[in-house]
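Input: a single structure, listed below in structure tokens.
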Amino acid sequence: MGDLLAEAEAELYADDPDGFTARRAELAERARDAGEPAVAKKITALRKPTRSAWVVNRLVRTDPGVRPRLDDLAADLREASGGGRLRELTAARAKLVDELTRTALEGVAAPPAALREEVTATFDAAIADPEVAASLGTLVRAARYAGFGGFVAAPAGPAPKKTKAPAEPAAEREARRQERIKEAERAVADADRDLESATAAERGLEDSVRDLEAQLADLRQRLAEARRRSYRAESRQQRAAGQLSRLKE
């Protein structure tokens, strides 16, 4: 069971996504023919990756050294202390992400800037976010790290002295703070609504695709049975015609 699913994932997420849907249906049908309907259902549920996600998946699956290089650098950044070490690792991070992006895009004719930016952002996110790192190889869409308190290099020299500004009245500070809170709450509410709407649309379309693929698989099975019946009927007709011909001689 596990082998069929793992083989399907390896093939689907390494090959060009243009043929993803058709090949997914074939692999699901193969699993059903092998007596593994549960595996077939899981294969059918696999989601088609965007082109940027595919580019990253392909590199990770073909080069086993990519994942450990990202993991090692992430560990070094988490354990680093001191501005000098952080600056050194930040430069190494930029160099590694640039190298992996260029390698991943090899073979892609004239990759657009948007594709390059999404691939770069995904490798960068894999260093900062363990969940993104764990999903490399089966990514469905490009990732972008949106966390807080990430790896930040200390400034190279002492911070410039600031001129002390006149103290703002406490009432004004509180009013400004409350206004910023309200703006942030409105932004969160708007984002929540957008996310809910987009997620609902995505799930609805995924359900429709799964239903259509299930119908297609059923129709293919019925077509195969109809062809077998047609073949048997044609054989009987030929035998009957031959017997009739011999009787008339």
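Conditions (1) surrounded by 17 or more Cβ atoms within 10 Å (Cβ to Cβ); (2) more than 30 Å from residue 210 (Cα to Cα); (3) over 18 Å from the mean Cα position of the chain (by Cα), marked per residue:
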site: 50; (1), (2), (3): no, no, no
site: 59; (1), (2), (3): yes, no, no
site: 65; (1), (2), (3): no, yes, yes
site: 85; (1), (2), (3): no, yes, yes
site: 89; (1), (2), (3): yes, yes, yes
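I need a count of the residues in the stretch 1-22 that are surrounded by 17 or more Cβ atoms within 10 Å (Cβ to Cβ) and either among the hydrophobic types (A, V, I, L, M, F, W, C) or out of contact with any Phe, Trp or Tyr (no Cβ under 8 Å at 6 or more places or on another chain) (or both).
6
Which of the residues belonging to the stretch 64-90 are more than 13 Å from residue 127 (Cβ to Cβ) and assigned to a helix (DSSP H, G or I)?
79, 83, 84, 85, 86, 87, 88
Restricting attention to the stretch 22-40, which residues are touching a helix residue (DSSP H, G or I) at 6+ places or on another chain (Cβ under 8 Å) and in a helix (DSSP H, G or I)?
Within the stretch 22-40, 23, 24, 25, 27, 28, 29, 30, 31, 32, 37, 39, 40 qualify.
Would you check if residue 53 is within 16 Å of residue 136 (Cβ to Cβ) and assigned to a helix (DSSP H, G or I)?
Against the criterion (within 16 Å of residue 136 (Cβ to Cβ) and assigned to a helix (DSSP H, G or I)), residue 53 qualifies.
Within the stretch 197-212, is there a residue that is touching a helix residue (DSSP H, G or I) at 6+ places or on another chain (Cβ under 7 Å), in a helix (DSSP H, G or I) and surrounded by 10 or more Cβ atoms within 10 Å (Cβ to Cβ)?
yes
Could you say whether any residue in the stretch 225-241 is under 27 Å from the mean Cα position of the chain (by Cα), at pLDDT 80 or above, part of a helix (DSSP H, G or I) and closer than 24 Å to residue 40 by Cα?
No - not one qualifying residue is present in the stretch 225-241.
Report, ordered by the first and then the second residue, all pairs with beta carbons closer than 8 Å, sequence separation of six or more or different chains, a first member in the stretch 122-133 that is touching a residue at least 60 places away in the same chain (Cβ under 8 Å), and a second member that is crowded, with 19+ Cβ neighbours inside 10 Å and in a loop (DSSP other than H, G, I, E, B).
Final answer for the pair search is 122/139; 122/142; 122/143.
What number of residues within the stretch 1-37 satisfy the criterion of being of a type in the set (D, E, K, R) and under 15 Å from the mean Cα position of the chain (by Cα)? Step through it out loud before you land on a result.
Narrowing the stretch 1-37 to residues of a type in the set (D, E, K, R): 3, 7, 9, 11, 15-16, 18, 23-24, 26, 29-30, 32-33, 36.
When the remaining residues are screened for being under 15 Å from the mean Cα position of the chain (by Cα), the result is 9, 11, 15-16, 18.
Looking only at that region, the number is 5.
Within the set of pairs 6 or more residues apart or between chains, which connect a residue that is under 18 Å from residue 224 (Cα atoms) inside the stretch 17-45 to a residue that is of a type in the set (Asp, Glu) with Cβ atoms less than 6 Å apart?
25/213
Looking at this structure, is residue 80 in contact (Cβ under 8 Å) with a residue 12 or more places away in the chain, closer than 30 Å to residue 214 by Cβ and surrounded by fewer than 18 Cβ atoms within 10 Å (Cβ to Cβ)?
When the stated conditions are applied, residue 80 does not pass them.
The values are calculated or read from the model by the stated rules, or taken from the named source; none is laboratory data. None of the values given here were measured: they were computed from a predicted structure. We place every Cβ from the backbone using ideal geometry, glycine too, and count neighbours over all the protein chains shown.
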